[in-house]
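To start, the structure itself, in structure tokens.
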Amino acid sequence: MELVTKILEEVHQFGIDRRSEPIIALGGGVCLDVVGLAASLYRRRTPYIRVPTTLLSYVDASVGAKTGVNFAGGKNKLGSYVPPVATFLDSSFFQTLPLRQISNGLAEMLKMALMKHRSLFELLESNGKKLLHAKLQPSETCSDSEQEDSAAASMRIAIETMLEELAPNLWEDDLDRLVDFGHLISPELEMRVLPALLHGEAVNIDMSLMVYVAHQKGLLTKKEKDRIIRCMLGLELPVWHQDCSLALVQKSLEERLKHSAGSLRMPLPTGLGRAEIFHDMIEDDIICQAFHNWTEELSGFDGGVKDT
Ligand SMILES: NC(=O)c1ccc[n+]([C@@H]2O[C@H](COP(=O)([O-])OP(=O)(O)OC[C@H]3O[C@@H](n4cnc5c(N)ncnc54)[C@H](O)[C@@H]3O)[C@@H](O)[C@H]2O)c1
């Protein structure tokens, strides 16, 4: 919030004409969130343009209306729903990102693949590592145009599926949101271990556990569960974390119930690229067993990409 007021002071001193001079936010998701909130406050609403420069903000924070900052130890507890007047997408910004930041963005792409798009999942499964190490840039050699296609296609599908979910529900009147997959436990985990985990890494750890929950509930076969976890590891994402305890999981789900009009509204995969929202609290024994198997099979896979 201090950063928001600092930006507001600069905007004020600059003396912008809000009718013809939109504020331009150029940076990662944090920058877009903070500048977006400042723009939504200045004179109640000053137009702003988003220019995402990380993969995560390109596929996720670029679309939708949300802005926000952390408050009282809670993630994005203060914010607004004010969409930008435009978003400028240029993937060449990713060239200067460390690989870990690319993996971070791939987690949000994988979320959309698991919820809505089997072909995107298969693309990330077969090509994910190559895309990661090429930083999703178009190939320079004409002979390898396949890579260019898969980089462009994977980002296009991720954004299109995200838009399909967000556009009809910009103000989140409908609380049943597939895009919440990976976001039930991760906010608590992310805030607790800050800055150890990046946003997408915490989301991936949440998704990894939920894949075990879905398997325990009989929604995913063992083969499907294993394919998803292998794909996550191929994207060099952490799939487990020692601070993601059973107590943290249970607390997060109870909080969710409290803040989601008495319904859990938990998105879970019911196949590869298919999902449903579950309203009732998941039985305790399913959560406990899934958590136990998850820890037994994956503890140690908390690495992900190391170069920050
Ligand atoms: N508003 C939304 O709809 C929305 C959606 C998804 C995520 N988010 C938020 O976005 C945040 C995560 O965003 P992020 O992953 O972009 O992290 P980030 O904004 O912290 O950026 C990561 C780091 O990369 C640096 N950076 C940015 N672009 C670069 C470039 N091209 N080359 C080199 N370095 C660069 C940044 O300075 C920063 O240090 C989370 O807080 C999350 O809550 C918001």
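How charged is the neighbourhood of Ala247? Take every other residue with its Cβ under 12 Å from the Cβ of Ala247, and add Lys/Arg as +1 and Asp/Glu as -1.
Value of the local net charge: -1.
Tell me, what is the percent relative contact order of segment 2-89, built from C-alpha pairs under 8 Å that lie six or more residues apart?
28
Given contacts defined as C-alpha pairs under 8 Å and at least six residues apart, what's the relative contact order of segment 141-260, whole-number percent?
It rounds to 24 percent for segment 141-260.
So if R0 is 22 Å, what FRET efficiency would Ala86 and Arg19 give, r being the distance between their Cβ atoms, rounded to the nearest 0.05?
Here the calculated transfer efficiency is 0.90.
Run the accessible area of segment 2-89 with a 1.4 Å probe and give the carbon-and-sulfur part as a rounded percent.
56
Would you please name the GluC sites (Glu not before Pro) within segment 244-287 that are DSSP coil residues with at most 16 other C-beta atoms within 10 Å of their C-beta?
In loop regions of segment 244-287 (DSSP not H, G, I, E or B), the sparsely surrounded GluC sites (Glu not before Pro) are Glu283.
So which chymotrypsin sites (Phe, Trp or Tyr not before Pro) in segment 217-308 are both in a DSSP loop and have at most 14 other Cβ atoms within 10 Å of their Cβ?
Here no loop site has a sparse enough neighbourhood.
Based on the alpha carbons, how large is the Rg to Rh ratio for the chain when Rh follows Kirkwood?
0.97
Just the accessible area per residue of the chain, please: how many Å² with a 1.4 Å probe?
46
Mind listing P(r) for segment 126-276? All alpha-carbon pairs, 5 Å bins, whole percents.
2, 9, 14, 18, 20, 17, 11, 5, 2, 1, 0, 0
What distance in nm lies between label points placed 7 Å from Cα along the C-beta direction at Asp226 and Met281?
3.5
List the GluC sites (Glu not before Pro) in segment 57-148 that DSSP assigns to loop (not H, G, I, E or B) and whose Cβ has at most 11 other Cβ atoms within 10 Å. Which are they?
Here the GluC sites (Glu not before Pro) that fit, given the DSSP loop and packing criteria, are Glu140.
With n ≥ 4 as the cut-off for DSSP H runs, can you work out [θ] at 222 nm for the chain, using -39500 (n - 2.57) per run divided by the number of residues, rounded to the nearest 500?
For the chain, the value works out to -16000 deg cm²/dmol.
Using Cα pairs closer than 8 Å and at least 6 residues apart in sequence, work out the relative contact order for the chain, in percent.
Reported as a whole number, the value is 17 percent.
Using a Förster distance of 25 Å, how high is the FRET efficiency between Arg44 and Asp173, based on the Cβ-Cβ distance and rounded to 0.05?
0.70
The values are calculated or read from the model by the stated rules, or taken from the named source; none is laboratory data. Note that the structure is a prediction, hence the values are computed from the model and not measured. Note that we place each Cβ from the backbone using ideal geometry, even for glycine, and neighbour counts take in every protein chain shown. Side chains are part of the model used for accessible areas, which takes the heavy atoms of the whole protein and leaves out ligands, DNA and RNA. Shrake-Rupley method; radii C 1.70, N 1.55, O 1.52, S 1.80 Å.
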